[in-house]
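The values are calculated or read from the model by the stated rules, or taken from the named source; none is laboratory data. Fair warning: this is a prediction, and the values are worked out from it, not measured in the lab. Every residue, glycine as well, gets a Cβ built from its backbone with ideal geometry; the counts of neighbours run over all protein chains shown. Heavy atoms of the whole protein, side chains included, go into the accessibility calculation; ligands, DNA and RNA do not. Shrake-Rupley method; radii C 1.70, N 1.55, O 1.52, S 1.80 Å.
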Amino acid sequence: MKLSQMHIGQSGIIRKVRANEPIKGRLFAMGITKGNRITLLDHTLKKETFEVDVEGTRVALRKEEADAIEVEDEKD
Amino acid sequence: MKKIRAVMVGQPNVGKSSIINALTNARLHVGNFAGVTVEKKEVTLTYKEYDIDIVDLPGIYSLNAYTPEEQVSKNYLLDESYDVIINVVDANVLQRNLILTLQLLDMNPKMILVINMIDEVEKQGGMIDAVKLSELIGRPVVLASAKERRGVEDIIEMLIDEFERPDRQRKIYYDERIEEEIERLSEILLKSPKFISADMARFFVVRLLEKDPDIYKIVHDLPIFLELHEELGKSIHRLKLGFDEESAADIIANERNAIAKSLVMQCMQAPKKASLTDKIDKILIHPIFGLPIFLFFMWGLFQLTFEIGSLPVDYLDATFTNFANWLKQILPPGDINAIITDGIVPAVGSVIMFLPNILILFLGINLLEQTGYMARAAFLLDGFLKKFGLQGKAFIPLVSGFGCTVPAYMAARTLKNPKDRLITMLVLGFMNCSARLPVYVLLIAAFFPTTNAGNVLFAIYISGAILGLIVAKILRIVLFKGEPEPFVMEMPPYRFPSLKALGMELWLKAKLFLKKAGTFIAGAAMIIWFLSNFPHNPQLIKQYEQKIAQAQTKEQKVALENELAAKNLEYSFIGRIGKMIEPVFAPLGFDWRLSVATISGLAAKEVVVSTLATLYAVGDADEKSSTLIERLRQNIDFKTAIALIVIIMIYSPCVAAMSTFYAEVPRWAWRAFYTIYPNVLAWLLAYSVYNILALLGY
Ligand SMILES: Nc1nc2c(ncn2[C@@H]2O[C@H](COP(=O)(O)OP(=O)(O)O)[C@@H](O)[C@H]2O)c(=O)[nH]1
C-alpha cells in the first residue's frame, strides 16, 4: 500500500520509493530507503502533511511524497 | 609546531556547534565562505606541539547536495585542502548518519568519527561499542557528549593520532559486482595524469555511478572522457540488470543503507524507545488542536514582549532624561553641549529603552528553534502555506524575520527551489523585524489604551504576516507559475534548550544592539540634529528676541519662544528637506517631521524613533514636562498614527537588509522590483487606511 493510505500508528517495511531525483536522494538521506521500517506517526487534518518515523528519524513530508512511497504491511 | 587543518562535517543538528563551543582554549572566528554569505566558523587551538585549525562546514545530509548551503560544504570537501575530516554523528540516529560517513569513506580520507549525544543514548539504556565500530570502519571512533563535555579532549588526541598515522586502511567495500565495475572504471580514470591516487579515482567513480553532476563536470574536460562515458554507461546497465533496480544510484544507496544497518546491529545496543518526543508530538501537532496551540504560543510571545518588556521603560526613560539634564549642567554651554544633550543622548536613549522588548522577542524565537518546535510549526503550517504558493519550510525564514530580516534572508537558503526562495525573500520584509518594535511600542503607547497594547502588537504582526502571504500568492500566480518545491524535512527530537547557549545568544544580541545604538544610531541622530539646527537665521532670531523682551506676561513669552523654535526648525536644512518631501506624504496626514522620520527609517528602523524624539523636542521650549509620547499625542492624530504604522509595516527594510537581499539575489530585475514595490504598496495601503478611518470619523 501507499504510505498515504496507512493509518496513524501503523508501521511497515518500505518496498519502493518512486520519486525522481533530487527529491529521491533527499528521501534516501533521511533514511527513507527500501528495506527500512517506517511508522506513520501523524498527519494533518486534511491528510496534506505526514509525519513518519524511519529507523529513529522523524520526517515530515507531503501527500505527493507519501503517495510515492510503497510500504508493505508487516503482518503479510 | 606542526599545523593540522581539519574540517568538521556532519548532518544538521548533530551538535557540531556545541562541540566547537565545548573545546577549551579554542579561539573562534566567524566569517563567510569565500564568495557566498554562508557563515563560516573556524576555531584555532594549540595542543602539545600542534597548531590545530578546524573549519566547521554547514550541516549536510549527504554528498548529493540539495540546498545551497549543502553545496558549500560539498564544494569545500572536494576543492579545498585539509588534513583530517572530523565526522560528527548523532548517536540517537546513528544508522542514518552513517550513510554520510560511508560517502565520506569512499574518499578513504584521514578521518575520525565523533559520536555525539552519547549521553542521551546511555540515559535510555543504550550502548555503543566504539572499539568494535572503529575496527569495522578502520577509523578512530570517539564517544562524546558536548552537553556533558565528555570526550571533547579525546577528539583532539584522536585527531593528532590520525594525522600522524601513515597508513589508511579501507575496510568498507560494497557488493562484489559493484566493486568490479568500480575497478574497471577506475583504471580508465587513472590513465589521466590528473588522478594520481587510486582512492581519488575510486571516489570519483562511485560518485559518477551515482550521477553526481559536480563530479561529471570535472571529468567532462578530461581527454579520457569519451572512453569513460561509454564504459560508465555499460557498467550502469550491467548493474541495473544484475540488481534489478532502476538506477545505479539506487543500488549504491541500498548498499550503503544495508552496511549502515549492519554496522549499527553489530556495535550498538539500541535504547529502549524513548517516547517523550512522541508523547509531546501527540499534543503539539494534533490534527485539530495543533494550530490553535501554535497561535496561542505566538500570541503569548507578543504579550510577553510587550508586557514584560515595557516594565523597565519608564525607569529607563527617566534615567536618560536625568542623565541628559545632568550633562547639560556640567558641560560648558554651546553647540557641543547641545549636540550631546539634545541630540545624541535622547536619541540613543529613546532607542535603548526598547532593548528589553527586543531581547524577549529574540529569546522567544531562539526557544522555538532550540526546543525543536520550529519544525513542528513548519509541519502544521505546510498545508496552509502551500495554498499561498509557499511551503512549510518557508516558515523558518519567515519567523526569523520577526527577529531580524538579515539572517532571515540567509535562512531562506534552506529552500532549494529558486522560485520558492525568491518569493519567500520578497515577502520577508512584511514579517515585522524587532527593529520596528520600538516604533510600534511607542505609537501603541501613545494612541491605544494600555490594556490592549499586547493585542494591538499581535494584530500588527499578524496583519504583516497575512499581507505577506497574500502578496506571495499574487507573486506565485502572476510571476512564478509552477509547483512549489516538495516538502521533506527532518523533525528533530524535542530538547531542553541549553541555557548557556540561550544566554550567549542573548548576550551577543544585546551587545550588537548596544553597539548599533552607540555608533550607527548615535551617528544618524547627530546628523539629524545638525540638519535640524543649521543654518540659523539671524534676522529671525533678532526679530523674535525683541518681541520676547517686550512681552508682558510669562505665557506670551513661552508662546513666542515656541514660535521661534518652530520657525527656526522650518528654516533649517531638515525643515527644507521635509517640506520638499511633505507633498508625497501629505495625503497620509503626515507633517514634514513625520515624513523625515519615515525616510530616516530606511537607515535603520529604530532611527524613526530617535528622529521623532529630536524633531518633536526642538519645537518644545518647556522640556521637562512632556515625554515624547505626550508630544506625539499633541502633534499627530489617531488616523495619521495608524497610517504611519502601516507604512512602517510595509515599506523597504533597512539598508543592511536591502544589501543582504542584493547579495543573495543576483538578478537586476528582481533587485529593482524588490526596491520599488514595497514602497508603492505601503503608500497605497496607508492612504486607504487613512481615508477609511477618516470616513469612520476618527
Ligand atoms: N543531550 C545532548 N544534547 C546535545 C549534545 N550536543 C548538542 N546537543 C543539543 O543538540 C542541539 C543541536 O546542537 P547544535 O550544536 O546546534 O547542532 P549543529 O546544527 O550540528 O551545530 C542543541 O539543542 C544542543 O543543545 C550532546 O552531546 N548531548
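Please work out the C-alpha center-to-center distance from region B:347-380 to region B:440-513 and express it in whole Å.
9 Å
Which residues in region B:577-593 place their backbone N less than 19 Å from a point set 7 Å from the Cα of B:A565 along the Cα-to-Cβ direction?
B:591-593
Size of the dipole of region B:2-164 about the Cα centre, Lys and Arg at +1 and Asp and Glu at -1 on the beta carbon, nothing else charged, in debye to 20?
Dipole size: approximately 200 debye.
Given q = 0.10, 0.11 Å⁻¹, what are the Debye log10 I(q)/I(0) values for the protein assembly as shown, with equal point scatterers placed on the Cα positions and solvent ignored?
So the normalised log intensities work out to -1.07, -1.22.
Which trypsin sites (Lys or Arg not before Pro) in chain A pass both tests, a DSSP loop state and at most 15 other beta-carbon atoms within 10 Å? Kindly include the intermediate steps, with their values, before the conclusion.
Values: sites: A:K2, A:R15, A:K16, A:R18, A:K24, A:R26, A:K34, A:R37, A:K46, A:K47, A:R58, A:R62, A:K63, A:K75; in loops: A:R18, A:K34, A:K46, A:K47, A:K75.
Sparse-neighbourhood loop trypsin sites (Lys or Arg not before Pro): A:R18, A:K46, A:K47, A:K75.
Among B:T614, B:L693, B:Y662, whose Cα projects farthest towards the positive end of the dipole of region B:519-695, with charges put on the beta-carbon of Lys, Arg (+1) and Asp, Glu (-1)?
B:Y662
Counting only protein heavy atoms and a 1.4 Å probe, tell me what percentage of the protein assembly as shown's accessible area is made up of carbon and sulfur.
Ligands and nucleic acids excluded, carbon and sulfur reach 62 percent.
Mind checking which lysines have their Cα closer than 18 Å to the Cα of B:K40? Skip sequence neighbours fewer than 8 apart in that chain.
Counting by Cα, and skipping residues close in sequence, B:K40 has these lysines nearby: B:K16, B:K74.
Taking a probe of 1.4 Å, how large is the accessible area per residue of the protein assembly as shown, in Å²? Show your work: numbers first, answer last.
Values: 33900 Å² over 774 residues.
Ligands and nucleic acids excluded, the figure is 44 Å² per residue.
Restricting to lysines 8 or more places apart or on different chains, can you count the pairs in region B:526-663 with Cα atoms under 19 Å from each other?
Qualifying lysine pairs in region B:526-663: 8.
Go through region B:120-202 and name the GluC sites (Glu not before Pro) that are in a DSSP coil and have 16 or fewer other Cβ atoms within 10 Å of their Cβ.
Hits after loop and neighbour filter: B:E148.
Report the far tail of the P(r) of chain B, meaning the percent of Cα-Cα pairs longer than 48 Å. Provide the component values of the computation, followed by the final result.
On the way: 73769 of 243253 pairs.
Every Cα pair in chain B considered, those over 48 Å come to 30 percent.
Pairs on different chains or at least eight residues apart, Cα atoms closer than 19 Å: how many lysine pairs in region A:3-73 fit? Don't jump to the answer; show the numbers that get you there.
Details: A:K16/A:K24; A:K16/A:K34; A:K16/A:K63; A:K24/A:K34; A:K24/A:K63; A:K34/A:K63; A:K46/A:K63; A:K47/A:K63.
Value for region A:3-73: 8.
Give me the percent relative contact order of region A:3-73, please, defined on Cα pairs under 8 angstrom at least 6 residues apart.
On the way: 135 pairs, mean separation 29.0, N = 71.
With pairs under 8 Å counted, the relative contact order is 41 percent.
What's log10 of I(q)/I(0) for chain A at q = 0.13, 0.20 Å⁻¹, Debye sum over Cα points only, no solvent?
Log-scaled intensity ratios, in q order: -0.30, -0.75.
Restricting to DSSP H runs of at least four residues, report the calculated mean residue ellipticity at 222 nm for chain B, -39500 (n - 2.57) per run over all residues, nearest 500 deg cm²/dmol. Intermediate results must be reported in sequence, preceding the final value.
Numbers: 34 runs with 441 residues, N = 698.
So the calculated ellipticity at 222 nm is -20000 deg cm²/dmol.
Assign unit charges at the C-beta atoms only (+1 for Lys and Arg, -1 for Asp and Glu), then state the dipole size of region A:3-73 relative to its Cα centre in Debye, rounded to the nearest 20.
Using only the charged Cβ atoms, the result is roughly 140 debye.
Which residues, if any, in region A:26-44 lose at least 50 square angstrom of accessible heavy-atom surface (probe 1.4 Å) when the other protein chains sit next to their chain rather than the chain being alone?
Buried by the other chains: A:R26, A:F28, A:A29, A:M30, A:K34, A:D42.
Give the residue from B:A394, B:L428, B:I236 lying farthest towards the positive end of the charge dipole for chain B; charges sit on Cβ (+1 for Lys and Arg, -1 for Asp and Glu) and the dipole is referred to the Cα centre.
Of the candidates, B:L428 comes out farthest on the positive side.
What's the average, rounded to a whole number, of partner chain beta-carbon atoms within 10 Å of each residue's beta-carbon in B:224-232? The partial results should precede the final answer.
Values: counts 0, 0, 0, 0, 0, 0, 0, 0, 0.
Mean partner shielding for this stretch: 0.
Leaving ligands, DNA and RNA out of it, rank A:M1, A:M6 by accessible area with a 1.4 Å probe, largest first.
The residues order as A:M1, A:M6, largest area first.
Pick out, from B:C404, B:T371, B:N325, the residue whose Cα sits farthest towards the positive end of the charge dipole of region B:321-459, with +1 on the Cβ of Lys and Arg and -1 on the Cβ of Asp and Glu.
B:T371
What number, in percent, do you get for the relative contact order of chain B if the mean sequence gap of Cα pairs under 8 Å and at least 6 apart is divided by its residue count? Don't skip to the end; give the middle numbers.
Numbers: 954 pairs, mean separation 70.4, N = 698.
Here the relative contact order equals 10 percent.
If each Cα of region B:249-314 is one equal point scatterer, what is log10 of I(q)/I(0) from the Debye formula at q = 0.12, 0.14, 0.19, 0.23 Å⁻¹?
For region B:249-314, the Cα-only Debye profile gives -0.68, -0.74, -0.85, -0.95.
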